[in-house]
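None of the figures in this text is laboratory data; all of them are computed from the coordinates on show. Please read these numbers as outputs of a predicted model, since none were measured by experiment. For neighbour counting, all protein chains shown are included, and Cβ atoms are generated from backbone atoms with ideal geometry for every residue, glycine included.
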Amino acid sequence: MKITVRLQINGAEARFEVDSTERLVDTLREKAGLTGTKVGCGIGECGACSVLLDGKVVSACLVLTAQVDGAKVATVEGLGKAGELSDLQGAFVREGAIQCGYCTPGMLMAAEAILARYRRPTTEQIRKGISGNLCRCTGYAKIVSAIRKTAGRRAIQRSGR
Ligand code: FES
Ligand code: FES
């Protein structure tokens, strides 16, 4: 039996017919066509599938779509505008925080959650915030730097300088 689920994905309303065991990551990738969200381990350990669910970072491989009817989902596709990177994405590029890129969509979503929680996160807060996201390439320092610099730029923008 299929279950009807309504989600708001990156601000747009969507409706899906899903099996009770369908994972959110599969709904996003296969039904919504949002393949930016990656699947790595499939068991909640790598963070490649991280999305924001009602503002909180979740591993979309561990969430059943049928359980989140009515939720707001944010994926990497919602960060920039067409042809234009978001400030955070731009910082990742400038800082060299991307190599193979497989972890990047999930890392960006974890980073947005940190930036939503802390106006000027410390290195420790950033490291803790991305601790569920594995990166095999970068060594993390450039990722931390990109997040810290984005926080700094947003703080300046907020203060109107
Ligand atoms: S694919 Fe979901 S945590 Fe690894
Ligand atoms: S850039 Fe390759 S896993 Fe992070």
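Using a 7 Å offset from Cα along Cα-Cβ at Met1, what residues in the range 10-47 end up with backbone N under 14 Å from the label point?
Correct set: 18-21.
Which of the aspartates and glutamates could be linked to Lys142 by a straight reach, that is with a Cα gap under 12 Å, when you skip same-chain ones fewer than 8 residues away?
Leaving aside aspartates and glutamates fewer than 8 places away in the same chain, those within reach of Lys142 are Glu95.
Any idea what the dipole of the chain comes to, in debye rounded to 20, about its Cα centre with Lys/Arg Cβ at +1 and Asp/Glu Cβ at -1? Can you show the working numbers first?
Numbers: 24 positive and 15 negative charges, 185 e Å.
The calculation lands at about 880 debye.
Between Asp69 and Ser131, what length comes free when the chain is fully extended (0.36 nm per residue of separation minus the Cα-Cα distance, one decimal in nm)?
On the way: separation 62, 0.36 × 62 = 22.32 nm, distance 2.78 nm.
Stretched fully, the Asp69-Ser131 segment lengthens by 19.5 nm.
Suppose R0 equals 22 Å. What FRET efficiency, 1/(1 + (r/R0)^6) with r the Cβ-Cβ distance, do Asp87 and Arg117 give to the nearest 0.05?
Numbers: r = 17 Å, r/R0 = 0.77.
E(calc), rounded to 0.05, equals 0.85.
So, R0 is 45 Å and r is the distance between the beta-carbons of Ala141 and Arg15; what FRET efficiency does that work out to, to 0.05?
Working: r = 43 Å, r/R0 = 0.95.
Result of the calculation: an efficiency of 0.60.
Using helices alone, I'd like the mean residue ellipticity at 222 nm for the chain: each DSSP H run of four-plus residues gives -39500 (n - 2.57), total over residue count, nearest 500.
On the way: 4 runs with 48 residues, N = 161.
Result for the chain: -9500 deg cm²/dmol, rounded to the nearest 500.
With contacts defined as alpha carbon pairs under 8 Å and 6 or more residues apart, what's the relative contact order of the chain in percent? Let's see the in-between values first.
On the way: 285 pairs, mean separation 36.0, N = 161.
Result for the chain is 22 percent.
With r as the distance between the Cβ atoms of Lys56 and Glu30 and R0 = 22 Å, compute the FRET efficiency 1/(1 + (r/R0)^6) and round to 0.05. Intermediate results must be reported in sequence, preceding the final value.
Working: r = 23 Å, r/R0 = 1.05.
After rounding, the FRET efficiency stands at 0.40.
Give me the number: length gained by fully extending Ala155 to Gln8, i.e. 0.36 nm times residue separation minus the C-alpha to C-alpha distance, one decimal in nm.
Numbers: separation 147, 0.36 × 147 = 52.92 nm, distance 2.84 nm.
Difference between extended and current length: 50.1 nm.
For the chain, modelled as a Gaussian network with Cα springs under 10 Å, which listed residue fluctuates most, Val68, Val144, Val39?
Val68
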